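Undergrad: This is the structure I have questions about; it appears just below.
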Amino acid sequence: MDILLRHLWDTALSTLSPAAQKEFPPLALVAIGGYGRGELNPHSDIDFMFLHDGRLIAVNRPLPHLARIIDGILYPLWDLGLKIGHSVRSLEECVKEANDDMQSKTSLIEARLIAGDKTVFKKFRKLLVTKCVDGHDDEYIAQRLADQSQRHTKFGNSACMQEPNLKNGCGGLRDFQSLLWMAYFKYRTRSLADLEARELVTAPERKHLEAAYDFLMRVRNELHYHLDRPTDSLLKAVQPAIASNLGYTDRSPSRRIEKFMRALYMHLRSIYLISRTLEQRLALTPTPTPPSRLSLKHWINKSRVQPRPEIIEVDGFKISDGEIRAGSTRVFKDQPRRLMRVFLHAQQRGLRLHPDLAQMIRNQGRLVDHDFLRDEHVRETFLTILNQRGNVAGVLRTMHEVDFLGKYIPEFGKLTCLVQHEFYHQYAADEHTLVCLGKLDAIATADQPPFNNYTDIFQGLEKPFVLYLALLLHDVGKADGHGKHAEVGSKLAARVAKRLGLEPGVTANLCHLIEHHLLMARVAQRHDLEDSAIIRGFARQVETPELLTQLTLLTFADSQGTSDQLWNGFKETLHWQLYRKAMSMLAGGTEFLQAGEKHREQLARDVGALLPKTLWEEELPAHFNGMPPAYFRIRAAREIAEDILLAHRFMSQLLEAGGDERLALAPVINWHNDSDRACHLVKVCTWDRPGLFSNLTGSFAAVGLNILSARIFTRADTIAFDAFYVTDAATGALASRETRDRLEDTIDRTLKGEDLDLQSLIARLKPTRPIYQAHENEHIETSLHFDNEISENRTALEIETEDRVGLLHVIALTLAELSVDISAAKIFTEKGAALDTFYIREMDGAKILDSSRQKDIERAVRAAIKSLDRA
């Protein structure tokens with residue numbers, strides 16, 4: 001780019017007459033910004049400035065000679081399709097612009113002469129330092145730190161985001177550049193080598209920063225080349241290709257991404273942590289004021305005694321100004337136990353680690369040996385740290401940042417920068433855990449919902465360290481990469497507990513929490529909480545009120561730390577509903593059962609008041625006596641009245657059909673536009689029969705409607721009430737009148753027994769763009785789980801897979817072909833994932849307990865789901 005611009009400069013100058021060239025006032029072509037510091041990626045802007053001394057502008061317009069040179073350079077660049085950022089400024093204008101805007105000042109201090117008058121460029125550099133840098137260091141650093149804080153907040157406040165921003169995120173290129181800019185203003189250094197010479201960074205820190213900068217620049221180059229446009233966000237969809245192009249050659253996209261992203265996270269983390277350390281060091285040393293600039297006020301105040309910060313010496317450490325530092329270079333070598341105690345001191349007094357102390361801890365990692373890990377005093381200190389309710393996350397994060405936590409708890413250390421492939425996770429595994437711990441801390445003194453909803457039960461825990469330890473270890477099984485991480489994590493937690501010398505009862509509780517840390521969210525969001533058998537099954541698995549309280553808090557913190565968009569009011573309601581009912585059952589109470597009976601009696605009175613007087617007298621009691629209890633606990637009076645009217649229409653239709661069996665099979669369908677959820681609620685009332693659910697779901701899929709959620713109920717007289725929330729599969733909007741008519745016709749013909757090939761109709765639909773965007777050939781992994789404990793008389797089949805049009809149909813059809821009865825279903829989709837629970841049993845009403853039978857069902861369901869992809 002330099003060569004090109006110099007050529008254009010020479011060419012433009014050559015168009016001037018010899019006399020004009022000889023008398024031409026000083027003018028320089030100056031690279032600024034990223035171009036000035038020699039940092040360009042394939043689609044970066046080319047920023048430069050035409051610098052003059054004021055004699056080339058008249059009435060705010062460039063004189064003809066200057067205009068000719070500007071046009072001679074800009075027009076060819078534009079014709080080449082380059083993105084140019086240019087300005088024309090005098091020396092005075094540069095000074096004004098720099099002092100008016102921090103970003104402009106930053107851009108100008110990196111100016112580099114490309115062509116033209118060297119003298120005017122030297123004047124510019126001198127003026128910039130004397131008028132824009134000297135005496136402006138504190139102001140500039142404060143602005144730079146504020147900008148950095150805003151960027152970090154905007155892009156996730158973590159160096160380990162699932163889709164990191166390479167430039168502006170935590171540990172990104174801008175952090176690296178800010179480090180050098182602030183150091184320049186403070187010490188006039190220009191490079192990492194200068195910083196090392198001033199002992200602001202150590203040799204290992206410099207090497208880490210250089211390697212990290214190099215890696216990030218290579219990734220950004222590849223990102224620009226791959227997408228053929230300027231971009232900084234490393235989205236999941238492009239990560240496999242970028243990894244391949246940078247030499248990560250695993251055939252498995254997931255392994256390729258894992259290795260590449262782990263390396264990227266390590267480098268982002270290096271920049272983030274080291275730049276933070278330097279920020280602290282910059283704040284330690286105030287800028288000395290040159291004697292020539294000392295004011296009269298300075299000389300007047302010079303004789304006054306300036307108060308010195310109080311220094312407290314504790315356990316070989318010195319404490320002052322809110323920081324703790326080492327008393328000597330042998331503080332840890334003399335007593336290795338201080339490696340743990342220093343964090344307790346910091347926690348109890350609210351202290352920061354001095355940067356030199358933090359580096360000393362990193363360098364003393366070899367002291368965390370076999371004896372240290374089994375030292376009784378060390379583990380007592382660690383458990384004391386964990387027992388400080390509401391004040392744990394910060395100190396554990398500090399331990400992690402100085403590479404101590406992973407050495408003391410190696411099981412957690414293996415999570416460092418580990419990529420999580422679950423679509424709903426926002427962070428790498430270690431960062432997720434630390435965020436979860438922060439969410440648990442926030443509960444202790446919260447005054448805003450939803451966190452303050454949990455404050456009382458958190459304060460009631462006798463041993464908070466157990467919950468903190470469970471949260472610290474809840475995902476350690478993921479590092480294994482094999483089997484179910486909750487079960488693997490439970491076994492690893494037992495090993496940690498043994499090392500920490502925990503009592504058998506505490507160890508059992510810890511392992512139980514980790515093994516079942518997914519249970520509460522699964523039951524609350526995917527099962528029928530109005531079924532007392534479900535509550536009993538959940539309570540049996542939880543075992544005690546204390547474990548229930550701990551699991552409730554852990555589940556909330558885990559969900560909050562997974563993604564800032566994962567929790568909502570609906571989930572909060574389900575979470576508390578399950579907690580209260582299970583707690584009542586574990587405590588031996590029947591309050592919720594009694595409350596349910598009273599609620600049902602009141603509901604019957606409310607429904608009766610809504611029904612028209614023309615209904616048969618027995619219809620209301622028949623409905624209330626024939627529907628399961630769960631129905632009444634999730635249906636409002638208005639909805640129940642609508643269902644009774646549906647049943648009335650259906651029975652009236654039967655009477656009109658006379659002996660015509662075909663007409664007797666016709667359903668009654670009711671549509672309702674749910675504006676709050678931007679979808680349709682479709683209710684179908686008909687006789688229950690084998691394969692009914694598969695026929696209904698197949699009909700929706702055949703006309704191009706996507707089922708968001710569904711609930712099915714069957715009355716004692718075998719009248720089925722199935723409710724579906726649906727949208728147009730292609731647009732995500734409400735269905736057209738034509739689509740609604742086609743659905744009613746398809747359901748009617750299907751239930752009357754006409755030979756409609758639903759699967760062929762589904763296959764003919766134009767493929768729609770899925771909500772979930774997969775990595776190359778990767779998709780959300782299909783998982784099936786049979787649960788025979790959650791319900792007394794049914795088997796819960798939980799299926800998680802990528803949502804597809806026709807998914808429910810092929811699952812329900814497969815179960816029907818296997819002679820499996822679906823007695824109830826809870827259908828839910830989130831961010832393109834289908835999270836469906838079917839309550840199933842054999843045709844004779846028995847649970848599905850035989851393992852070989854379960855395997856046959858699983859194989860058939862998996863094959864059915866794969867058939868959709870083949871189609």
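Undergrad: Do we have any residue at all in segment 589-600 that's surrounded by fewer than 18 Cβ atoms within 10 Å (Cβ to Cβ), at pLDDT 85 or above and not basic (Lys, Arg)?
TA: No - not one qualifying residue is present in segment 589-600.
Undergrad: Any residue in segment 193-204 that is closer than 21 Å to LEU418 by Cα and modelled with pLDDT of 90 or more? Spell out the reasoning first.
TA: First, the residues of segment 193-204 that are closer than 21 Å to LEU418 by Cα: none.
No, every residue in segment 193-204 fails to be closer than 21 Å to LEU418 by Cα and modelled with pLDDT of 90 or more.
Undergrad: How many residues does segment 183-200 hold that are open to solvent by less than 40 Å² (accessible area, probe 1.4 Å) and under 37 Å from the mean Cα position of the chain (by Cα)?
TA: Number of matching residues: 7.
Undergrad: Report yes if GLY561 is touching a His at 6+ places or on another chain (Cβ under 6 Å) and either open to solvent by less than 30 Å² (accessible area, probe 1.4 Å) or at pLDDT below 85 (or both), otherwise no.
TA: So GLY561 fits the description; yes.
Undergrad: Please count how many residues of segment 201-214 are open to solvent by 20 Å² or more (accessible area, probe 1.4 Å), in contact (Cβ under 8 Å) with a residue 12 or more places away in the chain and part of a helix (DSSP H, G or I).
TA: Total meeting the criteria: 5.
Undergrad: Only one of ASP369, ASP447, ASP456, ASP403 is open to solvent by 60 Å² or more (accessible area, probe 1.4 Å) and on the phi > 0 side of the Ramachandran plot. Can you tell me which?
TA: Every option except ASP403 fails the conditions.
Undergrad: Also: For segment 449-470, how many residues are within 14 Å of LYS439 (Cα to Cα), free of Cβ contacts under 8 Å to residues at least 40 places away in the same chain and more than 23 Å from the chain's Cα centre (by Cα)?
TA: Result for segment 449-470: 1.
Undergrad: Oh, and also: For ARG662, which of the numbered conditions (1) open to solvent by 70 Å² or more (accessible area, probe 1.4 Å); (2) of a type outside the set (A, V, I, L, M, F, W, C); (3) on the phi > 0 side of the Ramachandran plot fails to hold?
TA: All conditions pass for ARG662, except number (3).
Undergrad: Would you confirm whether or not segment 517-534 contains a residue that is closer than 26 Å to LYS407 by Cβ and out of contact with any strand residue (DSSP E or B) (no Cβ under 7 Å at 6 or more places or on another chain)?
TA: yes
Undergrad: Moving on. Read through the list (1) outside any helix (DSSP H, G or I); (2) open to solvent by less than 10 Å² (accessible area, probe 1.4 Å), then give the number of the only condition that LYS167 fails.
TA: That leaves (2) as the condition not met.
Undergrad: Could you list, in sequence order, the residues of segment 118-171 that are touching a Lys or Arg at 6+ places or on another chain (Cβ under 9 Å), in contact (Cβ under 8 Å) with a residue 40 or more places away in the chain and of a type in the set (Lys, Arg)?
TA: The answer is LYS167, and nothing else.
Undergrad: Return the residues of segment 17-55 that are among the hydrophobic types (A, V, I, L, M, F, W, C) and under 17 Å from PRO230 (Cβ atoms); say none if nothing qualifies.
TA: So in segment 17-55, the residues among the hydrophobic types (A, V, I, L, M, F, W, C) come out as 19-20, 24, 27-32, 40, 46, 48-51.
LEU40, ILE46 - these are the residues of segment 17-55 that are among the hydrophobic types (A, V, I, L, M, F, W, C) and under 17 Å from PRO230 (Cβ atoms).
Undergrad: Looking only at segment 512-525, which residues are more than 18 Å from MET583 (Cβ to Cβ) and in contact with a Lys or Arg (Cβ under 8 Å, 6 or more places away or on another chain)?
TA: Matches in segment 512-525: GLN525 only.
Undergrad: Give THR549, THR555 a once-over and let me know the one that is open to solvent by less than 10 Å² (accessible area, probe 1.4 Å), in contact with a Leu (Cβ under 9 Å, 6 or more places away or on another chain) and part of a helix (DSSP H, G or I).
TA: THR555
Undergrad: For segment 459-472, which positions are in a helix (DSSP H, G or I) and either more than 21 Å from GLU572 (Cα to Cα) or open to solvent by 10 Å² or more (accessible area, probe 1.4 Å) (or both)?
TA: In the first step, residues of segment 459-472 are kept if they are in a helix (DSSP H, G or I); the result is 459, 464-472.
Scanning segment 459-472 gives GLN459, PRO464, PHE465, VAL466, TYR468, LEU469, ALA470, LEU472.
Undergrad: Given (1) outside any helix (DSSP H, G or I); (2) under 27 Å from SER819 (Cα atoms); (3) among the β-branched types (Val, Ile, Thr); (4) within 40 Å of the chain's Cα centre (by Cα), where does VAL726 come up short, assuming only one miss?
TA: Status for VAL726: all satisfied but (2).
Undergrad: Given segment 777-869, what strands (runs of 3 or more DSSP E) lie entirely inside it while holding 3 or more residues that are within 27 Å of GLU543 (Cβ to Cβ)?
TA: By residue number, 783-787, 795-802, 833-842.
Undergrad: Against the conditions (1) open to solvent by less than 10 Å² (accessible area, probe 1.4 Å); (2) under 24 Å from the mean Cα position of the chain (by Cα); (3) among the hydrophobic types (A, V, I, L, M, F, W, C), where does ALA497 fall short? Just the number, please.
TA: Just one mismatch for ALA497, condition (2).
Undergrad: Return yes when ALA508 is within 14 Å of LYS463 (Cβ to Cβ), open to solvent by 20 Å² or more (accessible area, probe 1.4 Å) and out of contact with any strand residue (DSSP E or B) (no Cβ under 9 Å at 6 or more places or on another chain) and no when it is not.
TA: yes
Undergrad: Now a separate question. Would you please name the residue that is modelled with the highest pLDDT, looking only at residues in segment 606-640 that are within 28 Å of GLN577 (Cα to Cα), open to solvent by 20 Å² or more (accessible area, probe 1.4 Å) and not in a helix (DSSP H, G or I)?
TA: If we take residues in segment 606-640 being within 28 Å of GLN577 (Cα to Cα), open to solvent by 20 Å² or more (accessible area, probe 1.4 Å) and not in a helix (DSSP H, G or I), then PRO628 is modelled with the highest pLDDT.
Undergrad: While we're looking at this one, here's another question. For segment 644-678, enumerate the residues that are modelled with pLDDT under 80 and assigned to a strand (DSSP E or B).
TA: Scanning segment 644-678 gives a single hit, ASP674.
Undergrad: Among the residues of segment 255-294, write down those that are surrounded by fewer than 19 Cβ atoms within 10 Å (Cβ to Cβ), farther than 24 Å from LYS207 by Cα and at pLDDT 80 or above.
TA: Within segment 255-294, ARG255 is the sole residue that qualifies.
Undergrad: So, of the residues in segment 311-336 that are without any contact (Cβ under 8 Å) to a residue 24 or more places away in the chain and of a type in the set (D, E, K, R), which turns out to be least open to solvent (accessible area, probe 1.4 Å)?
TA: For segment 311-336, the residue satisfying everything is LYS318.
Undergrad: Also: Which residue is modelled with the lowest pLDDT, if the candidates are limited to segment 773-804 and must be surrounded by 14 or more Cβ atoms within 10 Å (Cβ to Cβ) and among the hydroxyl-bearing types (Ser, Thr, Tyr)?
TA: Only one residue fits best here, namely SER791.
Undergrad: Moving on. Looking at (1) modelled with pLDDT under 90; (2) in a helix (DSSP H, G or I); (3) surrounded by fewer than 18 Cβ atoms within 10 Å (Cβ to Cβ), which is the one condition that is false for HIS377?
TA: (1)
Undergrad: Among the numbered conditions (1) surrounded by fewer than 18 Cβ atoms within 10 Å (Cβ to Cβ); (2) modelled with pLDDT of 95 or more; (3) not small (Gly, Ala, Ser), tell me where LEU339 comes up short.
TA: Tallying (1) surrounded by fewer than 18 Cβ atoms within 10 Å (Cβ to Cβ); (2) modelled with pLDDT of 95 or more; (3) not small (Gly, Ala, Ser), LEU339 fails exactly one: (1).
The values are calculated or read from the model by the stated rules, or taken from the named source; none is laboratory data. Just so it is clear, the structure is predicted and the values come from calculations on it, not from any experiment. Quick reminder, even Gly has a Cβ in these numbers, built from the backbone with ideal geometry, and neighbours come from all protein chains shown. Just the protein is used for accessible areas: all its heavy atoms, side chains included, with ligands, DNA and RNA removed. Shrake-Rupley method; radii C 1.70, N 1.55, O 1.52, S 1.80 Å.
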